[in-house]
Amino acid sequence: MTRRGKVFLVDDEPELRRALERLLRAEGLDVVGYGSAAEFLAALSDDDVGCAVLDVAMPGLDGLQLQQRLASSRARLAIVFLTGHGDIPMSVQAVKAGAVDFLTKPVRSADLLRAVHAALEQAGAQQSMAQATAGLRSRYEQLTPREREVFGHVIAGRLNKVIAARLGTSEQTVKVHRGRVMEKLGVGSVADLVRAAQQLGVEPAP
Amino acid sequence: MNALTTIWLFIAAACLTLAAIHVQVWLRRRDAGGNAAFALLAVSVAAVAFIEVREFQARTTAEYGRWLWWYQLPIWSGILAIVVFVRLYLRAGRAWLGWTAVGLRSVALVIGLFSSPGINFREIVALEQITLFGETVAVARGVPNPWLAVAHLALLALLLFVASATQDLWRAGERRRAVTIGGSLFIFVAAGTVLAIGYFWGWWTFPSFLTPMFLVVVLAMAYELGLDLLRSAQLAADLSTKDAVLQGTERKLALAADAASAGLWSVERPSGRLWATPRALSMFGLTEDREHHVDEMLLAIHPDDRKRVREFVDGAVRMDHGSVVEYRVLRADGDIRWIASRGGAQAGEPHSRDSLMGVTIDITERKRAEDETARQRVQLEHLSRVATLSELSGALAHELNQPLAIIMSNAEAAQRLLERPVPDLAEIREILGDIVDADERAGEVIQRLRVLLKRGAPKRDPLAVNEVVQGVQQFMRADLLRRGVSVECSLASGLPPVSADRVAIEQVLINVIGNACDAMAGNLPGDRGLTIATRAEVGRVEVCISDTGAGLPAMPERVFEPFYTTKAEGLGMGLAISRSIVENHGGRLWAEPHAGRGATFRIDLPTMAVAE
């Protein structure tokens, strides 16, 4: 289980916000409520992780506009929308833009909690994925330029003999470089190596 | 019997006949005092003539004296009759002179009655026989009674009185009467006075007779009175002609009224006797076969309206500002008819001041049409309200959903809290409080919806305009939010209440605000500002709704035309009905374009004090 994120609740209706806060808190979640999009954006920091429960219809910035702003921020938030009346085009737009769920009020607590948990999980997964990528990257940075060259050819699926010919070196030397790369990146197979390259965004050598 | 006696007796008989005629007149018309006085004079003259005949024929001084004693009575009554006649009939002469003459003659009468042979002589010494008109006539010679001067003073006063009356008549332009009556009276009294003075004071031996002179006066008076009788007869003839004409006019009037489906009536006050054309009678279920009383008419009127009509009938309304009363009549067959009566007392006619007359029309059809129009208007307003609400339905669903969502989430939170080993009861209490509040909020929305959807007769209640504006704003909150419209309110404090139907005014505000929102649909989000302001004017309260939208067409009045719409789904009735509602409240609704973009709609309602 990844580290549990916060739930950010944005709704202009104080009574409803209070009720939802109670419900989520009773579930043992860490909840912060905001009365408007602006208030929420002002309080948000880059390393925030969690679930944003947004009311669609709000004075000022509405839920969908807020979603766009959040997409451009560095905080990792999965979004659950709440709306007064189910509006299909709006929900399609919201989900396309990455929302986890689109719920109509009055929402059953089971539905809300399921969506919130899913969102938290998604945010957590993104968070751990990001963390894993960051570790891999620091290891990658320890590779020598020669090792990075060999890495590029390996993930292109070339044999040691071919790589040695390309680099104008011996097959043995390539073998050694290859062993070092796998050691440094902490992978045990070529398949893992390919996945790591994808994660790092390293392109196979031409 | 000879000529003199015959003439004298003939005169007496003629006078008695005239007296009889005028007594008859007086008996029929007690106010004809002139006729009574004339009759008295005529009787007096008859008596004078009779006594004079007796005197002429007297053989002894005693006989003569006896008749001379009686003579005083008709003389007294004749003078009284002349004075009364002149005063009552001619309305002329100095009253004090007349009454002085009567008074002096009365004194002379009293003295004369207690002396023998009367006021004229102390004693009759001898009778002389003279010949007059071929007849032997007795003339008395005696010692004059000094008291006779009183009687002669009376005659003098009478002479002056008659002279003053003649002068009065002459000046008043009644020259014929002055000549006939005044002149004859004057000559008679003057001649009589001279004759009497000369005879009784013994200046000459000539009988004192008054009959012929009296006769002249009687004839002159008879002539005048006869003219009056003739005039009366003429008037009576005229009247009967006019009566016939009047009846004809009445028939024509009734016919005309009938043609106009109107009934004519008049009520005599205070007797309450009713005259009415057959149509008027039939409106009250009455028939022509007998006379009716106004109470029978009132009895046919609906009990709820009776008091009003009674006041109308009793009220001192003058015809020139005749008033109208509308009321219901219950027919024998249970049918209810609406009747309007217009009428009043006749002005300026002394004889008809106490009668109320007027016209009555059956207005049942008009009332039905009015009722139908009012019913249709209410129906139309209701339909438009339903249409408006259906446009708002999304927002209204939200308004209802919101409290339901609050209740649901709170309830489920409470359920979870209760599952804990040690539930936080304080929080649960708070939750329950919030649930109650949310429930009330939902109830209010439903209540408001129900009122708006209800098809009720419009009422007039004292209404605080600000409160209605706030209520509508709350009601439309979700809709305004959904349309991205931000509202700024500037409500004046201390506004006087207006007299209005709350639902109708809410409907107007919803329509006008909705219209303003539609006008701003083309603006960018965040640029849809609506201002609602209230303020007090003299005797009125104004609500201004300003938008920043597309503005008005070239002719702003067009937006109030039915079926004028810029929306694909709009009926175009909202503003038209809104205006009709406001005007029905005695107010105005109009639109003013802004110099830049947008428009202001103004709703102007009379305050309750003014509306009353």
Seminar exercise, completed: The number of residues in segment A:158-206 that are under 22 Å from A:M129 (Cβ atoms) and among the small types (G, A, S) is 7
Seminar exercise, completed: Within segment B:476-508, the count of residues that are more than 27 Å from B:Q376 (Cα to Cα) and outside any strand (DSSP E or B) comes to 16
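Test A:S128 against the criterion of being within 14 Å of chain B (Cβ to nearest Cβ), in contact (Cβ under 8 Å) with a residue 60 or more places away in the chain and of a type in the set (S, T, N, Q), and give yes or no.
Numbers: within 14 Å of chain B (Cβ to nearest Cβ): no; in contact (Cβ under 8 Å) with a residue 60 or more places away in the chain: yes; of a type in the set (S, T, N, Q): yes.
Here the answer is no, as A:S128 does not meet what is asked.
Name the residues in segment A:58-68 that are touching a helix residue (DSSP H, G or I) at 6+ places or on another chain (Cβ under 8 Å), within 14 Å of another protein chain (Cβ to nearest Cβ) and assigned to a helix (DSSP H, G or I), would you?
So in segment A:58-68, the residues touching a helix residue (DSSP H, G or I) at 6+ places or on another chain (Cβ under 8 Å) come out as A:58-67.
Checking the rest, the ones that are also within 14 Å of another protein chain (Cβ to nearest Cβ) come to A:58-66.
Result: A:G63, A:L64, A:Q65, A:L66.
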Exercise. So A:S45 fits all but one of (1) in a loop (DSSP other than H, G, I, E, B); (2) in contact with a Leu (Cβ under 8 Å, 6 or more places away or on another chain); (3) surrounded by fewer than 21 Cβ atoms within 10 Å (Cβ to Cβ); what number is the exception?
Worked result: (2)
For this session: Could you tell me whether B:D439 is among the charged types (D, E, K, R), at the interface with another protein chain (Cβ under 9 Å from one of its Cβ atoms) and under 20 Å from A:R18 (Cβ atoms)?
Result: no
For this session: Filter segment A:36-57 for residues that are more than 14 Å from chain B (Cβ to nearest Cβ) and either in contact with a Cys (Cβ under 8 Å, 6 or more places away or on another chain) or closer than 23 Å to A:G84 by Cα (or both) and give the result.
Result: A:E39, A:F40, A:L41, A:C51, A:A52, A:L54
Exercise. Quick check: is even one residue across segment B:108-117 on the phi < 0 side of the Ramachandran plot and among the aromatic types (F, W, Y)?
Worked result: yes
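Yes/no per residue for (1) at pLDDT below 80; (2) assigned to a helix (DSSP H, G or I); (3) within 11 Å of chain A (Cβ to nearest Cβ):
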site: B:R429; (1), (2), (3): no, yes, no
site: B:G433; (1), (2), (3): no, yes, yes
site: B:G443; (1), (2), (3): no, yes, no
site: B:R455; (1), (2), (3): yes, no, no
site: B:N466; (1), (2), (3): no, yes, no
Seminar exercise, completed: Over segment A:76-114, the set of residues crowded, with 17+ Cβ neighbours inside 10 Å, within 14 Å of chain B (Cβ to nearest Cβ) and assigned to a loop (DSSP other than H, G, I, E, B) is A:G84, A:H85, A:D87, A:K105, A:P106, A:V107
Exercise. Of all the residues that make up segment A:13-24, how many are more than 8 Å from chain B (Cβ to nearest Cβ) and either of a type in the set (D, E) or out of contact with any helix residue (DSSP H, G or I) (no Cβ under 7 Å at 6 or more places or on another chain) (or both)?
Worked result: 3
For this session: Report yes if A:G33 is within 14 Å of another protein chain (Cβ to nearest Cβ), crowded, with 18+ Cβ neighbours inside 10 Å, assigned to a strand (DSSP E or B) and within 24 Å of the chain's Cα centre (by Cα), otherwise no.
Result: yes
Exercise. How many residues are farther than 12 Å from B:W76 by Cα and surrounded by 19 or more Cβ atoms within 10 Å (Cβ to Cβ) when one looks only at segment B:94-113?
Worked result: 3
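What about B:T287, is it in a helix (DSSP H, G or I), of a type in the set (S, T, Y) and loosely packed, with under 12 Cβ neighbours inside 10 Å?
Numbers: in a helix (DSSP H, G or I): no; of a type in the set (S, T, Y): yes; loosely packed, with under 12 Cβ neighbours inside 10 Å: yes.
Considered against the rule, which asks whether it is in a helix (DSSP H, G or I), of a type in the set (S, T, Y) and loosely packed, with under 12 Cβ neighbours inside 10 Å, B:T287 comes out as no.
Tell me which residues, restricted to segment B:378-426, are over 27 Å from B:G471 (Cβ atoms), more than 7 Å from every other protein chain (Cβ to nearest Cβ) and either touching an Asp or Glu at 6+ places or on another chain (Cβ under 6 Å) or part of a helix (DSSP H, G or I) (or both). Steps first, please.
The first filter runs over segment B:378-426 and keeps only residues over 27 Å from B:G471 (Cβ atoms), leaving B:411-426.
Subsequent filtering for residues that are more than 7 Å from every other protein chain (Cβ to nearest Cβ) retains B:411, B:414-415, B:418-426.
B:A411, B:A414, B:Q415, B:L418, B:E419, B:L425, B:A426 - these are the residues of segment B:378-426 that are over 27 Å from B:G471 (Cβ atoms), more than 7 Å from every other protein chain (Cβ to nearest Cβ) and either touching an Asp or Glu at 6+ places or on another chain (Cβ under 6 Å) or part of a helix (DSSP H, G or I) (or both).
Scan segment A:115-161 for residues that are in a helix (DSSP H, G or I), charged (D, E, K, R) and closer than 21 Å to A:G188 by Cβ and report the count. Spell out how you get there, then give the answer.
Taking segment A:115-161 as the starting set, the residues that turn out to be in a helix (DSSP H, G or I) are A:115-140, A:145-155, A:160-161.
Okay, now just the ones that are also charged (D, E, K, R), so A:121, A:137, A:139, A:146-149, A:161.
Subsequent filtering for residues that are closer than 21 Å to A:G188 by Cβ retains A:137, A:139, A:147-148.
Count: 4.
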Problem set entry | Checklist (1) more than 20 Å from B:P525 (Cα to Cα); (2) within 11 Å of chain B (Cβ to nearest Cβ) applied to A:A71, failing item | (2)
Exercise. Regarding B:D305, is this residue modelled with pLDDT of 85 or more and of a type in the set (D, E, K, R)?
Worked result: yes
For this session: Tell me, yes or no, whether segment B:470-485 has at least one residue that is touching a residue at least 40 places away in the same chain (Cβ under 8 Å), within 30 Å of A:P59 (Cα to Cα), more than 14 Å from chain A (Cβ to nearest Cβ) and buried (at least 19 other Cβ atoms within 10 Å of the Cβ).
Result: yes
Exercise. Within segment A:168-183, is there a residue that is in a helix (DSSP H, G or I) and of a type in the set (S, T, N, Q)?
Worked result: yes
Problem set entry | Selection within segment B:219-253 - under 33 Å from the mean Cα position of the chain (by Cα) and acidic (D, E) | B:D238, B:D243, B:E250
For this session: May I ask you to list the residues in segment A:67-94 that are at pLDDT 85 or above and farther than 16 Å from A:S36 by Cα?
Result: A:L77, A:A78
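The values are calculated or read from the model by the stated rules, or taken from the named source; none is laboratory data. Just so we're clear, the structure is a prediction, and the values are computed from it rather than from any experiment. We place every Cβ from the backbone using ideal geometry, glycine too, and count neighbours over all the protein chains shown.
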